[in-house]
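Have a look at the structure below before the remarks.
The values are calculated or read from the model by the stated rules, or taken from the named source; none is laboratory data. Bear in mind that the values here come from a model prediction, so they are computed numbers and not experimental data. Methodologically, a virtual Cβ is constructed for each residue, glycine included, from the backbone with ideal geometry; neighbour enumeration extends over all protein chains shown.
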Amino acid sequence: MTSLEARYRRLLACYPHDHRTRHEEDMIGVLLAGSRPGQTRPHLADTADLLAGAVRMHCRRAFGTVSAPAWRDAVAVGMALWPLLILTDTLARQIMFLAPSIGVGLLHHWTQEPGSILFWARPVIVFALPVLAVALRRRGVAALGALAFLLYADTSLLTRPLALPNVALPLLAQVVAVAVAFTGPARRGASLIPWRTVMLWTPFGLVGLAASKLGGGLLGHEIALWKPVPWLIIMAAAAGYAARSVLGRRASLLLFLPVAALGDLGKLPSLPTPLALAQIGCVLGAFAMGTMLRDSKNPRKAGGGRRTHTPGCPR
């Protein structure tokens, strides 16, 4: 193999694997036939043309009509996961409310007033019902969750003005979580998710989200600037873990912004540039670590379960 052919093959490595399997030798033959005697490097125009072709092919496969079934499945997975994300966010908020009084004083208070336990757990119960409805595929549980949410929202909104963004947007997210529990795509998406992996990542997500929400009140100003980072790191690592499958990559892309918004990102645009770059570096590093996680017993498993691939959609 000449140095020119080796360089052409490195450029062709940017193309999808199945395309290379079928056409690589033909493409190499055409490229070598058009080269000059003694040429050792591809022309700049050939390099640009090959790279542009690889980008076009990946874009057609990722966003073209052939990928429509995979995107539908990704939307279904996102809908199935959203109630669980809202439940995780609710648990993190309730932990934040308890944090200042955790200890003997809290146990004494709950012993003297057992009803306060139910008051604390009320939102957790409300948003656990849509999760159960999706997991069990039961419309009756979804209806019970909707009724519980209406009663909860009616009392909780009495003390909060709906016009404020920090009230309206979380409420919208909660309404969506309750509504998707009634939908067929969410129930179908639940069958596509490796729930063993969900159970693995949910505790990490709860810890990261609770740490992000606690950071602003319990830490100094300089450290509080980092408060969204624990949640973003967990989210990025989970996205990297899911990105090993076609479905996981698309679902991660769809959920990225709404899931990141759960971690109180309001101060990110005002951060000093070095601090913002450092935080972005942490997130990218977590994503890279997530992509490197492998099941040593079965490396073909994606996300801790089966590798989901939509028929007719390229990997």
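Set side by side, the residues Ala239, Ala260 differ, and just one is at pLDDT below 85 and part of a helix (DSSP H, G or I), which is Ala260. Scan region 184-209 for residues that are crowded, with 22+ Cβ neighbours inside 10 Å and closer than 17 Å to Leu132 by Cβ and the total you get is 5.
From the list Ala45, Ala76, the one residue that fits, being in a helix (DSSP H, G or I) and under 26 Å from Ser245 (Cα atoms), is Ala76. Within region 117-139, being surrounded by 23 or more Cβ atoms within 10 Å (Cβ to Cβ) and of a type in the set (Gly, Ala, Ser) holds for one residue alone: Ala133. Tell me, yes or no, whether region 108-117 has at least one residue that is in a helix (DSSP H, G or I), within 26 Å of Ala211 (Cα to Cα) and at pLDDT 80 or above. Taking every residue of region 108-117 in turn, none turns out to be in a helix (DSSP H, G or I), within 26 Å of Ala211 (Cα to Cα) and at pLDDT 80 or above.
Annotation: of all residues in region 269-300 being assigned to a helix (DSSP H, G or I) and either basic (Lys, Arg) or crowded, with 17+ Cβ neighbours inside 10 Å (or both), the one that is modelled with the lowest pLDDT is Gln279.
Let me spell it out: the conditions are (1) under 30 Å from Ala179 (Cα atoms); (2) in contact (Cβ under 8 Å) with a residue 24 or more places away in the chain, and Gly64 meets all of them except one. Which number is the exception? Evaluating Gly64 over (1) under 30 Å from Ala179 (Cα atoms); (2) in contact (Cβ under 8 Å) with a residue 24 or more places away in the chain leaves (2) as the failure.
Among the residues here, Ala148 does not qualify as under 18 Å from the mean Cα position of the chain (by Cα), at negative phi, part of a helix (DSSP H, G or I) and at pLDDT 85 or above. The one condition from (1) over 28 Å from Thr183 (Cβ atoms); (2) free of Cβ contacts under 8 Å to residues at least 12 places away in the same chain that Arg9 does not meet is (2).
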